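The values are calculated or read from the model by the stated rules, or taken from the named source; none is laboratory data. Treat the numbers as computed from the prediction; the structure is a model and nothing was measured. Cβ placement follows ideal geometry from the backbone for every residue including glycine, while neighbour counts extend to all protein chains displayed. Surface accessibility is based on the protein's heavy atoms, side chains included, excluding ligands, DNA and RNA. Shrake-Rupley method; radii C 1.70, N 1.55, O 1.52, S 1.80 Å.
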Amino acid sequence: MARQYAPREIERKWQQRWAADHMYEVKEDSGRPQFYALTMFPYTSGDLHIGHWYIMAPSDVYARFKRMQGYNVLHPMGFDAFGLPAENAAISHGIHPHEWTMKNIENMRRQLRSMGAMYDWNREVVTCLPEYYRWTQWFFLKFYHAGLAYRAKAAVNWCPRCQTVLANEQVVGEGSCDRCSTPVAKKALEQWFFRITKYAEELLDHSHLDWPERVKIMQRNWVGKSDGAEVSFRLEHEGVAQQEIRVFTTRPDTIFGVTFFLLAPEHPLVPQLTAPERKAEVDEYIAWCQQQTEYDRLALGREKTGVFLGSHVINPVSGEQVPVWITDYVLPTYGTGAVMAVPAHDERDFEFARKFKLPVRTVIAPPGWSGEELTEAYTGSGTMVNSGSFSGLTSDRGYEAICALLEEKGWGKRTVIYRLRDWLISRQRYWGAPIPMVHCAECGIVPVPETDLPVLLPPDAEFKPTGESPLKYSSSFVNTTCPQCSRPAQRETDTMDTFVCSSWYFLRYTNPETRDAPFDDARVKYWLPVDLYTGGAEHAVMHLLYARFFTKALRDMGLVGFDEPFARLFNQGTIVYGGGKMSKSRGNVIAPDEYVAESGADAVRGYLMFIGPWELGGEWNDSGLVGISRWLNRVWSLVTTDYVPSYRDAVNTEDEKELLHMIHKTIKKVTEDLEKFRFNTMLASLMEFTNYLLKVKAGGTVSDSLWREAISSFLLLLAPTAPHLTEELWTRTGHPYSIHTQTWPEYNEELAQEEEIVLVIQVNGKLRDKVLVPASISEVEAKELALGRERVKTLIDGKKLSNVIYVPKRVVNIVLA
């Protein structure tokens, strides 16, 4: 009699064996096709919770599946260890960020090992270690020398709670910090930027990427391409040297409808264009605008506000003088910070004009328009009216004609603008990669020589946030000598956004031991680009966009030979508990450790995949885990107890034929489900197969050899999901170690094919239809099919059914009252 299934004992045994045998260490192998399966690495702000396992366990199953299919699979793991999450957690616990982070990594590593994943720990990457961030700094220097890194004063997003600058992508919802939800303010600071806008057009192209459409849409919207024209409005203002203000418009065909002109309150010309009698009101309004978040300023339905400056510009096409106003809904960061207002054909301009009693002139006639005053803005296409010699043209032809006139006269040109802004990478925090630049009174800003990298974080710096970089107060860090003139100088004290570190980590996994380069060229050529990248869609306009930009920049520098980092992207859903997304801030996280200790890692892995479609997520429920645990116990019993044939003279050929069909049918279903990440239906098929095998075992009518084939196939199919259990059962059934080096079973299409029968459909005993169906069709399926047939529906619609009789594999008879 087989002993009872003891998951933790078995899991510890095989994890130790795999480690001792270097089972999951990966080497480059030209004899096998390579497959790079990567899961987004975790932040190190605390323990792993079930939400992390939900990201990692199914991706490990897929990596194991590809390995058994014959691929040389790289499936590495590391830790995103710099940044605000880790630093804020360290501060709240009163521990130095390095100590806090490394303790967390040690614990998270233990938790990940307990999952039984096939990570090659020799390739581990930790972004806060000098041997890693040395190369983050090296990339910064490469970007600087290529003109992609620059320093500029700009109005930046400032989180007063985190006491640091945020990139635009880190301001979420109603203008709040993505880390602490504090409303974000604007602050003018000298900051370092990466010139991501150089690649705006390329970042719109997803044509070669197998990515979810919603992520592509999010990136396209974030880049925000707009085709239109740049128009110069003449400026004739005493004391102002500038003779024009340029605006961008997507509707040059509406230029005759401009009745006022808007500037952002922050526009540099505002003080010069403000009439003396308007100055007090303008200054008061600008001060008020500075207290508003960008979200508030752009909010739909918000009452329009503004102030007239007391000056005018001249419309180059119509020659009209147009009053200049300032308003909060014009932003300095989009377009030119100036807008030609066409209230008849723009909703916000219409609301503004109505409030301040400004003219509304229709210049694009809506369908059926007879000259009446518009009651709302018409933003569609139509026929140009009130537009001089252009009246009568369709708006499309008018667009082209106006653009041609602007270019002929030198008043403007066709152009394209993007919503995307350059990536602000400066952070006024301690826990990040120091920016490798030096400020010299004689030489200006000087890059640190590559031979002097890494610029190390000082371990004794005061790391608590003050609004300025903590490194500014570390004399041992700040004071240095200029690399050019050797005079006393000061280091740059801002650190880099942690997203810089994660923009290239997938390259480092190919050979993290390389000391004289960020990566080994030959290994990068072998492994990259990543074949499958899994993680959350919330990274669409941050990490995923930044990594694409980084890769394209490295390509242009000749450092890599490909355009995109991730060929295929899959976004998993979210695990919820207690009605909300599992997160530490909500206090609803579930630690996997206690469940692993009680039910085993294989059960936890299985339940997370059975909980629902991976892309949708689901609700954690302890009873569901109990159900998976019971199933694995049944699997243990099925395999470890002897099969005893009950036939006397010969096997039952029909039963053998059916078992052979079920084996190949299940192999086909599980293979297809795994390829499409349908882990829940894959497991459902294996559970169904378990029940079938128990029935076969009880009957004892098939040969011992076919039974062994069925069990072997079953264990191979289950191996990616339950690696420990199947390794134990594989050994116990007399197979050579290890199941994880075996070849994935192949199915015979003919044997997997469902046998088909002709199902007769009768109404009141009379033949009304016939249909070809699988022989395995259930009674419920047969009845639903019969009632849904068009020929039958015409006979039974509106009539009362008395009964529906099913004769298995032969007839459905619908009886009418």
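Values for this structure:
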quantity	calculated
Only one of Glu320, Glu303 that is modelled with pLDDT of 90 or more and open to solvent by 70 Å² or more (accessible area, probe 1.4 Å)	Glu303
So Gln34, is it in contact (Cβ under 8 Å) with a residue 40 or more places away in the chain and under 16 Å from Thr510 (Cβ atoms)	yes
Count - residues of the stretch 276-300 that are crowded, with 16+ Cβ neighbours inside 10 Å and among the polar types (S, T, N, Q)	2
Single residue of the stretch 665-681 satisfying the filter (buried (at least 18 other Cβ atoms within 10 Å of the Cβ) and not in a helix (DSSP H, G or I)) that is nearest to the chain's Cα centre (by Cα)	Phe677
Within the stretch 117-151, considering residues that are more than 24 Å from the chain's Cα centre (by Cα) and of a type in the set (S, T, N, Q), the one modelled with the lowest pLDDT	Asn122
All positions within the stretch 526-542 that are modelled with pLDDT under 90 and under 7 Å from Tyr36 (Cβ atoms)	none
Filter result for the condition that a residue is modelled with pLDDT under 90 and either of a type in the set (Gly, Ala, Ser) or under 24 Å from the mean Cα position of the chain (by Cα) (or both), over Ser92, Ser114	Ser92
Selected residue (criterion: modelled with the highest pLDDT) from residues of the stretch 418-436 that are in a strand (DSSP E or B) and surrounded by 24 or more Cβ atoms within 10 Å (Cβ to Cβ)	Pro434
Residue check, Glu407 open to solvent by 60 Å² or more (accessible area, probe 1.4 Å) and farther than 18 Å from Pro316 by Cβ	no
Filtered residues of the stretch 403-441 (kept if hydroxyl-bearing (Ser, Thr, Tyr) and farther than 22 Å from Gln163 by Cβ)	Thr415, Tyr418
Residue list for the stretch 685-706, restricted to those being open to solvent by 10 Å² or more (accessible area, probe 1.4 Å) and among the β-branched types (Val, Ile, Thr)	Val696, Thr701
Matching residues, the stretch 596-611, being open to solvent by 10 Å² or more (accessible area, probe 1.4 Å) and either in contact with a strand residue (DSSP E or B) (Cβ under 8 Å, 6 or more places away or on another chain) or under 24 Å from Asn107 (Cα atoms) (or both)	Ala597, Glu598, Ser599, Tyr607, Ile611
The listed residue being more than 14 Å from Arg17 (Cβ to Cβ) and under 36 Å from the mean Cα position of the chain (by Cα), out of Thr741, Thr701, Thr721, Thr733	Thr721
Failed item in (1) of a type in the set (Gly, Ala, Ser); (2) over 24 Å from Asn680 (Cα atoms); (3) open to solvent by less than 10 Å² (accessible area, probe 1.4 Å), with Gly734 passing the rest	(3)
The listed residue being modelled with pLDDT of 95 or more and within 20 Å of the chain's Cα centre (by Cα), out of Pro85, Pro33, Pro58	Pro58
Residue within the stretch 574-585 that is among the hydrophobic types (A, V, I, L, M, F, W, C), without any contact (Cβ under 8 Å) to a residue 24 or more places away in the chain and surrounded by fewer than 20 Cβ atoms within 10 Å (Cβ to Cβ) present	no
Out of Met77, Met115, Met68, sole residue that is within 19 Å of Leu608 (Cα to Cα) and of a type outside the set (Gly, Ala, Ser)	Met115
Single residue of the stretch 506-557 satisfying the filter (open to solvent by 10 Å² or more (accessible area, probe 1.4 Å) and of a type in the set (Lys, Arg)) that is farthest from Glu615 (Cα to Cα)	Arg515
Of all residues making up the stretch 430-454, the number that are out of contact with any Asp or Glu (no Cβ under 6 Å at 6 or more places or on another chain), under 17 Å from Leu471 (Cβ atoms) and touching a residue at least 60 places away in the same chain (Cβ under 8 Å)	9
Test: Asp593 is acidic (Asp, Glu), within 23 Å of Cys501 (Cα to Cα) and open to solvent by 30 Å² or more (accessible area, probe 1.4 Å)	no
Helices (runs of 4 or more DSSP H) lying entirely in the stretch 71-150 (those with 3 or more residues that are of a type in the set (Lys, Arg) and touching a residue at least 40 places away in the same chain (Cβ under 8 Å))	none
Only one of Val635, Val604, Val596, Val639 that is within 22 Å of Gly535 (Cα to Cα), in a helix (DSSP H, G or I) and either hydrophobic (A, V, I, L, M, F, W, C) or in contact with a Leu (Cβ under 6 Å, 6 or more places away or on another chain) (or both)	Val604
Candidates Pro58, Pro33 - the one that is open to solvent by less than 20 Å² (accessible area, probe 1.4 Å), in contact with a Phe, Trp or Tyr (Cβ under 6 Å, 6 or more places away or on another chain) and not hydrophobic (A, V, I, L, M, F, W, C)	Pro58
Whichever residue in the stretch 243-288 is part of a loop (DSSP other than H, G, I, E, B) and without any contact (Cβ under 8 Å) to a residue 40 or more places away in the chain and, among such residues, is farthest from Val231 (Cα to Cα)	Ala275
Scan of the stretch 371-392 for residues that are in contact (Cβ under 8 Å) with a residue 24 or more places away in the chain, in a loop (DSSP other than H, G, I, E, B) and open to solvent by 30 Å² or more (accessible area, probe 1.4 Å), ordered by number	Glu376, Tyr378, Thr379, Asn386
Residue in the stretch 463-471 that is buried (at least 17 other Cβ atoms within 10 Å of the Cβ), touching a residue at least 24 places away in the same chain (Cβ under 8 Å) and more than 22 Å from Ala152 (Cα to Cα) present	yes
Boolean, Phe260 is closer than 29 Å to Thr383 by Cα, crowded, with 17+ Cβ neighbours inside 10 Å, of a type outside the set (Lys, Arg) and more than 22 Å from the chain's Cα centre (by Cα)	yes
Close pairs (7 angstrom Cβ cut-off, 6 or more residues apart or separate chains): farther than 19 Å from Lys665 by Cβ in the stretch 775-794, of a type outside the set (Val, Ile, Thr) and open to solvent by 90 Å² or more (accessible area, probe 1.4 Å) anywhere	Arg791/Arg768; Val792/Arg768
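Let's see how each residue does on (1) open to solvent by less than 90 Å² (accessible area, probe 1.4 Å); (2) touching a helix residue (DSSP H, G or I) at 6+ places or on another chain (Cβ under 7 Å):
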| position | (1), (2) |
| --- | --- |
| Ile739 | yes, yes |
| Glu756 | no, no |
| Val780 | no, no |
| Gly788 | yes, no |
| Arg791 | no, no |
| Ile796 | yes, no |
| Val804 | yes, yes |
| Arg810 | no, no |
